[in-house]
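Structure first, commentary second.
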Amino acid sequence: MEDTLHPNTTKEIKPPVINIGIIGWIRANLFNGWFNTLLTLVFAYVLFLTVPPFINWALINSSWFTTSEECKASGGACWSVVTTNIRFMLFGFYPHALQWRPLLAIVILIALLIYSRNRNHWRKSLAYAWAIGLFTMGLLLKGGLFGLESVESTKWGGLPLTLLLSVFGLTAAYPVGIILALGRQSKMPIVKSFCVIYIELIRGVPLISLLFMSSVVFPLFLPEGMTINPILRAQVAIIMFTAAYIAEVVRGGLQGVDKGQYEAAQSLGLNYFQSMRRIILPQALKIVIPPSVSILISAFKDTSLVVIIALYDLLKTTQTTLTDPKWMGYSSEAYIFVALIYFVCCFFMSNYSRKLEKELDTSL
Amino acid sequence: MQTTAPEKIPFFRDPTKLAIFYQFLTVLGVGLLSYYLISNTLANLERQSISTGFGFFDREAAFEIGESFIEYSAADSYGRALAVGFLNTLSVSFIGIILTVILGTFIGVARLSTNWLVAKLSAAYIEFFQDIPILLQLFFWYAFFYEILPSPRQALNPLPGLFLCNRGLIFGVPEWHSAFLYGGIAFLIGLIVVYFIKKWAAKRQAATGLIFPTAKVSVAILLGLPVLVWFLSGAPTAMNIPSLKGFNFKGGVSISPEFTALLLGLVLYTAAFVAEVVRAGIQSVSKGQKEAALSIGLRPGQVLNLVILPQALRVIVPPLTSQLLNLTKNSSLAVAIGYPDFVSVAGTTINQTGQAIEGVALIMIVYLIFSLSTSAYMNWYNKKIALVER
């Protein structure tokens with residue numbers, strides 16, 4: 001009794017042990033209420049049924065660097081289908097001895113992307129670095145200059161083709177998209193209606209119809225004797241498609257700029273081009289950076305559709321590998337490998353987009 | 001007083017004249033480009049002696065289609081073949097949309113669950129399925145059916161009457177009986193009755209303030225009436241269960257591997273996006289709304305119905321429709337796994353007739369009809385639910 005009255009000797013009463021620490025956390029997050037307890041148990045059971053067999057299949061019983069006959073014997077996952085054919089899957093029909101070139105191009109691209117993550121690096125010099133980088137990548141793939149052996153574009157394939165179509169597609173589509181967005185916002189009725197029709201038409205149809213168009217209708221548009229290679233045709237279709245989506249995103253940015261900014265620019269005596277170039281677009285484009293990353297993600301995923309017009313992108317080289325009688329029946333392993341590549345790329349991009357959104361959000 | 005006459009504005013600084021000039025340039029540019037393309041095309045068509053127009057509609061298609069909702073054989077016309085493809089696209093999209101909304105809503109709600117395990121699993125699902133191209137997922141499910149699933153003899157049987165094998169998904173259905181037709185009619189009648197009850201209840205509430213339990217009564221009518229009719233017309237319970245005969249199943253309903261793989265891929269992929277939409281919608285309603293509704297004495301059910309849902313739906317519905325439209329557009333990837341949807345049939349038609357322009361135009365028109373009708377509906381809906389601001 002005395003103890004509790006005397007302040008200096010009062011024992012600190014700790015919360016019950018079941019409310020703190022790991023036990024407390026488990027109680028609060030997994031077993032709060034009968035319904036959540038039931039859910040936890042059901043999902044834990046499902047995980048117990050699925051995860052250990054999967055790990056068994058994918059890691060413990062798997063074979064990594066074997067022939068296909070040895071794979072059949074092991075009973076687990078046959079990652080050998082990936083390790084044996086990895087050069088074909090990643091680079092397609094690109095000449096074997098020259099495959100360091102597309103590899104170097106990919107490394108340059110990744111280095112540029114990582115360097116651009118930090119917003120402090122966003123200066124004019126970065127734009128030049130990108131321009132030089134993109135040019136070098138194209139040069140590495142194509143060759144023909146500086147003693148590099150020229151490689152026909154029909155031999156391009158695999159991951160470089162996927163990256164080429166999406167990165168060049170987005171780069172080329174962006175200016176077109178901005179022009180379309182400005183056209184849609186303009187007060188000139190004819191320009192506006194052309195832009196609206198284009199944007200709504202493209203957004204209303206699936207990409208595959210444009211790719212079909214690129215492979216069967218584009219050749220009819222050209223004068224006799226003139227042909228364009230299939231990769232460029234698909235690239236044009238992807239640019240046309242992406243530009244319409246970029247236009248809608250940029251339009252959102254233009255509408256997000258305060259009306260006072262437009263009026264202030266006009267009252268300074270700037271003409272349309274000056275006010276857009278100096279006042280409106282810099283602000284509008286800043287708003288649309290995060291959604292632009294989302295468009296890059298979809299463009300990256302959408303390039304896989306070129307499989308349907310028989311271009312040898314990452315997915316098509318994988319499928320070709322799987323038609324080899326030796327490696328038939330190991331689709332899951334090969335597809336999981338490709339899915340992993342796509343997942344890692346998209347995951348980093350979408351995380352980055354979320355981070356940017358938080359950083360650029362100046363509202364309270 | 002001296003006034004200077006306003007300086008005459010030179011034409012290159014006069015916005016109205018400039019506007020006319022730019023628009024003239026645009027029309028000229030677009031016109032010249034189309035003239036160039038069209039004249040090239042006409043020359044090419046003539047040189048390759050490709051006919052134009054939609055005359056091929058009546059000609060014999062001479063190719064088989066794997067599955068179809070209307071009767072079709074290779075002797076039928078291209079027009080009928082395209083109709084088969086159109087119905088296939090429509091059916092996979094329709095079933096896909098229903099399943100996607102259900103699955104997406106569940107995952108979206110689970111994402112916000114207080115249960116740590118459930119919330120993390122849903123988050124992982126969303127991230128995983130969003131980041132892998134839909135086409136790759138379709139290929140995976142297709143290979144799953146043809147490589148991993150066993151032959152009919154060793155078919156998986158997860159539920160009684162439901163079989164999963166490399167011939168697709170096969171399940172039992174009730175034996176056909178006229179009672180089901182009457183039940184269906186009763187359901188339609190129930191719908192009409194519910195519509196009028198709802199109108200009457202709203203009128204009564206506006207006049208007297210009394211709340212009629214519309215939801216409970218509606219469910220009772222919609223479920224009770226068909227069951228009652230089914231019971232009165234003999235309560236048939238015979239089932240048509242598939243059974244193994246030789247190398248394949250007989251009886252029941254069987255769904256092809258292509259259709260199942262396409263449906264599975266579309267639903268799992270789109271549900272991840274729908275889940276994000278649902279989550280954002282629920283989070284957009286501020287907590288104060290719920291607390292305020294509870295404090296004025298509404299019951300939890302009423303809080304959800306009258307306060308939370310109307311506000312959340314305003315945020316959810318526009319992006320939801322665009323996701324469902326994406327599902328419809330993505331169903332065109334059926335061509336890659338051999339399901340005869342509209343794009344696939346049109347592709348075959350292009351190959352056989354050589355009339356690429358008409359074929360691609362048909363594909364575009366069909367999808368434009370879907371998109372334009374959806375956006376017309378969206379505009380109507382947005383107008384209906386828009387906040388009336390003072």
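Things worth noting here:
- For the protein assembly as shown, cysteines whose Cβ has no other cysteine Cβ within reach (under 4.7 Å): A:C195, A:C345, A:C346, B:C165
- Candidates A:Y272, A:Y245, A:Y312: whichever shows maximal mean-square fluctuation once chain A is modelled as a Gaussian network with Cα springs under 10 Å: A:Y272
- Taking each of A:K259/A:K358; A:K301/B:K329; A:K286/B:K329 in turn, the alpha-carbon distance tops 19 angstrom for A:K259/A:K358; A:K286/B:K329.
- Cross-link partners of A:K326 among aspartates and glutamates (Cα-Cα below 15 Å; sequence separation of 8 or more within a chain): A:E69, A:E70, B:E147
- Listed by chain and number, the lysines whose alpha-carbon sits under 23 Å from that of B:K199, ignoring those within fewer than 8 places in the same chain, are B:K216, B:K383, B:K384.
- Selected from A:L139, A:L270, A:L49 as most flexible by GNM, with chain A as the system and alpha-carbon contacts under 10 Å: A:L49
- Neighbour-limited loop hits for chymotrypsin sites (Phe, Trp or Tyr not before Pro), region A:145-231 (at most 15 other Cβ within 10 Å; DSSP other than H, G, I, E, B): A:F146
- At R0 = 35 Å, FRET efficiency that the Cβ-Cβ distance of B:N351 and A:N229 yields, to 0.05: 0.95
- Computed extension gain for B:L368 through B:I148, at 0.36 nm per residue and net of the alpha carbon distance, reaches 75.4 nm.
- Between A:Q266 and B:L162, the simple spin-label model (points 7 angstrom out along Cα→Cβ) gives 6.2 nm.
- Rounded if a/c under 1.5, otherwise prolate or oblate - region A:2-62, Cα gyration tensor axes: oblate
- Net charge dipole, region B:1-153: roughly 600 debye, given to the nearest 20, about the Cα centre with Cβ charges of +1 for Lys and Arg and -1 for Asp and Glu.
- ³J(HN,Hα), Karplus 6.51/-1.76/1.60, whole Hz, each residue of region B:100-113, x for Gly, Pro: 5, 4, 5, 5, x, 4, 4, 5, x, 5, 5, 4, 9, 5
- If you take the Cα centroid of region A:264-291 and the Cα centroid of region B:52-92, the two points sit 52 Å apart.
- Cα-centred dipole magnitude for region A:66-143, charges only on beta-carbon of K, R (+1) and D, E (-1), debye, nearest 20: 560 debye
- Around the Cα centre of region A:80-360, unit charges on the Cβ atoms of Lys, Arg, Asp and Glu (plus for the first two, minus for the last two) sum to a dipole of about 760 debye.
- Fully extended contour minus Cα-Cα distance, from A:R123 to A:Q255, at 0.36 nm per residue: 44.9 nm
- Label positions at B:V253 and B:V317, each projected 7 Å from the Cα along the C-beta direction, are separated by 3.0 nm.
- Proxy reagent accessibility, fewest Cβ within 10 Å first, across B:Y35, A:Y342, B:Y269: B:Y35, A:Y342, B:Y269
- Label-to-label distance, A:T323 versus A:F348, with points set 7 angstrom from Cα along the beta-carbon direction: 3.2 nm.
- Set of lysines with alpha-carbon distance to B:K17 below 19 Å, sequence-local pairs under 8 removed: A:K187, A:K192, B:K8
- Taking a point 7 Å from the Cα of A:W64 along the Cα-to-Cβ direction, the residues of region A:296-337 with backbone N closer than 16 Å to it are A:337.
- Computed helical MRE - 222 nm, chain B, DSSP H runs ≥ 4 contributing -39500 (n - 2.57), nearest 500: -22000 deg cm²/dmol
- Length gained when the stretch B:F12-B:L232 is fully extended (0.36 nm per residue, less Cα-Cα span): 70.8 nm
- Each DSSP beta bridge with both residues in the protein assembly as shown is either parallel or antiparallel, and the antiparallel ones are about 90%.
- Average beta-carbon neighbours from other chains, 10 Å sphere, peptide A:312-324: 1
- Alpha-carbon centroids, region B:93-118 and region A:67-100: separation in whole Å: 38 Å
- Among A:G158, A:I297, A:Y94 - extreme Cα towards positive end, dipole of the protein assembly as shown, charges at beta-carbon: A:I297
- For the options A:L340, A:L296, A:L305, a Gaussian network treatment of chain A with springs between C-alpha atoms closer than 10 Å singles out A:L340 as fluctuating the most.
- Euclidean distance between Cα centres, region A:316-364 to region B:200-246, Å: 46 Å
- Ascending count of other beta-carbon atoms within 10 Å, so fewest first, for A:H96, B:H177: A:H96, B:H177
- Calculated FRET value between B:F24 and B:S243, using beta carbons and R₀ = 51 Å, to 0.05: 0.10
- R0 of 45 Å, Cβ-Cβ distance B:S73-B:L304: FRET efficiency to nearest 0.05: 0.30
Each reported figure results from applying straightforward, stated rules to the coordinates on display, with no laboratory input. All values reported here derive from a predicted model rather than from experimental measurement. Quick reminder, even Gly has a Cβ in these numbers, built from the backbone with ideal geometry, and neighbours come from all protein chains shown.
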